[in-house]
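Read through the structure below, which is laid out as C-alpha cells, and then see the notes.
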Amino acid sequence: MHTRTHYLWFETKKRQEIIDITDEVDQEVVKSGIREGMVLVSAMHITASVFVNDHESGLWEDILHWLEHAIAPWDPERYHHNRTGEDNAAAHLRSLTIGHEVIVPVTDGKLDLGPWQRIFYGEWDGQRRKRLVIKVMGE
Amino acid sequence: MHTRTHYLWFETKKRQEIIDITDEVDQEVVKSGIREGMVLVSAMHITASVFVNDHESGLWEDILHWLEHAIAPWDPERYHHNRTGEDNAAAHLRSLTIGHEVIVPVTDGKLDLGPWQRIFYGEWDGQRRKRLVIKVMGE
Amino acid sequence: MHTRTHYLWFETKKRQEIIDITDEVDQEVVKSGIREGMVLVSAMHITASVFVNDHESGLWEDILHWLEHAIAPWDPERYHHNRTGEDNAAAHLRSLTIGHEVIVPVTDGKLDLGPWQRIFYGEWDGQRRKRLVIKVMGE
C-alpha cells in the first residue's frame, strides 16, 4: 500500500464557515499517483467537521442555522465545558453531530464521488489557525 | 493492497426508506477474495445515508419519525436551499446527521460485525434512481 | 498491506459512560509495527459510539445531557422499538447521531491526531459486556 499525506491549513474570517475543499483533495489524489484505494480527510481539531454534501450557498446557510437552532445553540451559559474558560462547547457538539472525517473512494485514479457530491471543511470555532490531514492510501 | 469496486442501485417506492444491504456487501467481500482489510460502503448522493444498526422494523419507524420530528422536519418553507426549486433540504440535513458512509472491518474473509449489527442504506429523498459504492480493500 | 486486529471489552458501571481509549489504540499501533496507514476503531454494538473529541470532564457531562435533552430522550414510551421488550431505542438513535466508528491516520508510526484530539468509546446502554474492534492497516 502506498500513502501520501498532506496538511491543509485554515484561518477563517468568520467564527463559523463552510469551505469547499474538493479541489485540494483531488489534487492530492493526482499527486499520489494512486489508482485504486481511498482518501481519508480528517479535521485535526475537536471543534470542526469534514463532510460530503452539496455546493449550494443556500444549503450552507441552512446548515449553520440548523446547527444553531436545532442541534446545539452557541449559548455559552448552558454548558459545563465553558467553566474551563472556553465558550465553544456548542462547537464540540456540532463536530460530534456532523463528524470530523470522511473516507472517499479512489477509483481509476479519481475521487469516486456522485455527480453532486463535494467535500467540505466545516469550521465551528474559527478565526485562528487550524488544519486537517489528507491521507491518500492505495495502489 | 487489492480492491474490488461494485455499485448498488436503488429506486425506492417511498420517498423515505431504510433498506438492509448487509447481504449485498457480504457478497462483494466473498467475491473479492480479501481475507484481511475493510469495506467502504458510501452513498453517492447527498440526500441519503449509509449506517450500521439493528434489523428491527419498529426501530426503522422510530428513525424516520425522529428525523422528521427531532432532527430536521421536511417543511420546505423553512430552508433557503429550497429557493433553488428543490424541496429536499431536510434530506441533506438528515444525511449530515447520520452520515453517508461506513467502514466495516473484514477479518478472516468475513464482515467483522457484532451479533446485532447490520448495514443499511437510508433513502431520505427517493422515488428515483440512486446508487452507492461498495469498495473492498485489503489482502 | 499489513493488518493487526484487537478486540477491547467493556462492562461499564453506569448505563451511559464516556471512556478515553486513546492509549489502548496507540498501543495497538505500536504493536502492529505499521508506519503509514490508518486505524479503524469500531463499536461492535448498535447502542454505542466511537468518536474523537476532547478529554475534558465538563464536556462529557455536556454530551450526556445534550443526548438526553436535545437529541434523543430516554423516555421508553415514545419508541416503537421498545415494543420488543427493550427500553433502549434512544441509545440506538444516539449511536446514529455520533456514529459508531472512526478512522484515525497513522503517520510515521504514530496516531496522527491534533493536539487536543483523543479517541472515546461512548456507552449508551451499558452495565453488560460489550466490545469494539481496533484494526490497524498499512505498511
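The values are calculated or read from the model by the stated rules, or taken from the named source; none is laboratory data. All figures in this text were calculated on a predicted structure; none of them were measured in a lab. Positions of Cβ are backbone-derived with ideal geometry, glycine not excepted, and every protein chain shown enters the neighbour counts. All accessible areas refer to the heavy atoms of the entire protein, side chains included, with ligands and DNA or RNA removed. Shrake-Rupley method; radii C 1.70, N 1.55, O 1.52, S 1.80 Å.
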Restricting attention to segment B:61-87, which residues are open to solvent by 30 Å² or more (accessible area, probe 1.4 Å), of a type in the set (D, E, K, R) and either away from chain A (no Cβ under 11 Å) or over 23 Å from B:LEU132 (Cβ atoms) (or both)?
-> B:GLU61, B:GLU68, B:ASP75, B:GLU77, B:ARG78, B:ARG83, B:ASP87
Within segment A:1-19, which residues are within 13 Å of another protein chain (Cβ to nearest Cβ) and more than 20 Å from B:ARG4 (Cα to Cα)?
-> A:ARG4, A:THR5, A:HIS6, A:TYR7, A:LEU8, A:TRP9, A:PHE10, A:ILE18
Selection from segment B:101-117 of residues under 11 Å from the mean Cα position of the chain (by Cα) and not β-branched (Val, Ile, Thr) yields B:GLU101
Breaking point among (1) more than 20 Å from A:ALA91 (Cβ to Cβ); (2) of a type in the set (S, T, N, Q); (3) within 8 Å of chain B (Cβ to nearest Cβ), for C:GLN27 | (3)
Matching residues, segment B:102-126, being of a type in the set (D, E, K, R), in contact with a strand residue (DSSP E or B) (Cβ under 7 Å, 6 or more places away or on another chain) and open to solvent by 10 Å² or more (accessible area, probe 1.4 Å) | B:ASP112, B:ARG118
From the options C:ILE63, C:ILE18, residue that is within 17 Å of A:LEU93 (Cα to Cα) and over 12 Å from the mean Cα position of the chain (by Cα) = C:ILE63
Confirm whether B:THR3 is open to solvent by less than 20 Å² (accessible area, probe 1.4 Å) and in contact (Cβ under 8 Å) with a residue 12 or more places away in the chain.
-> no
Return the total of residues in segment B:111-139 being of a type in the set (Phe, Trp, Tyr) and more than 12 Å from chain C (Cβ to nearest Cβ).
-> 2
Go through segment C:18-43 and count every residue that is surrounded by 18 or more Cβ atoms within 10 Å (Cβ to Cβ) and part of a strand (DSSP E or B).
-> 8
Counting only residues that are more than 8 Å from chain B (Cβ to nearest Cβ) and either closer than 24 Å to B:GLU139 by Cβ or not aliphatic (A, V, I, L, M) (or both), segment A:88-110 contains a total of 10
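Can you tell me which residues in segment C:7-17 are in a strand (DSSP E or B) and buried (at least 16 other Cβ atoms within 10 Å of the Cβ)?
Scanning segment C:7-17 gives C:LEU8, C:PHE10, C:GLU17.
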Buried (at least 17 other Cβ atoms within 10 Å of the Cβ) and of a type in the set (Lys, Arg): does that describe B:ARG129?
-> no
